[in-house]
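Throughout, read-outs are computed from the coordinates displayed, never taken from laboratory work. These figures come from a predicted structure and were not determined experimentally. We place every Cβ from the backbone using ideal geometry, glycine too, and count neighbours over all the protein chains shown.
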Amino acid sequence: MYVNDAGHLSFSYTARAGECCVRTLGASLGKAFGIICCGPAAIGTVVSDLAVKAAPIEVTGYHHPLDNCFANEVVLCFTGEAQAVREALRAAIDAGKQLLGSFGEEPKSLGVPWI
């Protein structure tokens, strides 16, 4: 997760989705799965678009402010081959950090990034 005063960028990845991801997020059992959650929503929309164009992934969920309890964020869930999911996430991370940074200071990671 990366944050600054303007918003947040959150990215998750698993190489083999388990039952929890299948039941709650629409993942395919045993396939690679990724989640992108970014706010403000404008950044989330752009980052999600770039992720989908960066690699051959299958979108399993897309949530925006009007269907996401009016939160100012966008969530994209997707599945595919492990390399494609990681490639999509890497494109989203790079673009997201640049975009969020243009709204304020450079986004700082809250932990050690592993994707």
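Being farther than 22 Å from Gln83 by Cβ and among the hydrophobic types (A, V, I, L, M, F, W, C) narrows it down to one of Ala41, Ala51, Ala27, so name that one. Before the answer, list the steps.
On the way: Ala51 fails: farther than 22 Å from Gln83 by Cβ; Ala27 fails: farther than 22 Å from Gln83 by Cβ.
Matching residue, one of Ala41, Ala51, Ala27: Ala41.
Tally time: how many residues in the stretch 9-30 are surrounded by 19 or more Cβ atoms within 10 Å (Cβ to Cβ) and out of contact with any Phe, Trp or Tyr (no Cβ under 7 Å at 6 or more places or on another chain)?
1
So in the stretch 31-44, with the set limited to residues that are within 17 Å of Pro107 (Cβ to Cβ) and in contact with a strand residue (DSSP E or B) (Cβ under 7 Å, 6 or more places away or on another chain), which one is surrounded by the most Cβ atoms within 10 Å (Cβ to Cβ)?
First, pick out the residues of the stretch 31-44 that are within 17 Å of Pro107 (Cβ to Cβ): 36-44.
Among the residues that remain, those that are also in contact with a strand residue (DSSP E or B) (Cβ under 7 Å, 6 or more places away or on another chain) are: 36-41, 43-44.
On the way: Ile36: 27, Cys37: 21, Cys38: 28, Gly39: 21, Pro40: 17, Ala41: 20, Ile43: 24, Gly44: 30.
Ranking the candidates gives Gly44 first.
Against the criterion of being out of contact with any helix residue (DSSP H, G or I) (no Cβ under 8 Å at 6 or more places or on another chain) and in contact (Cβ under 8 Å) with a residue 40 or more places away in the chain, Ala95 does not qualify.
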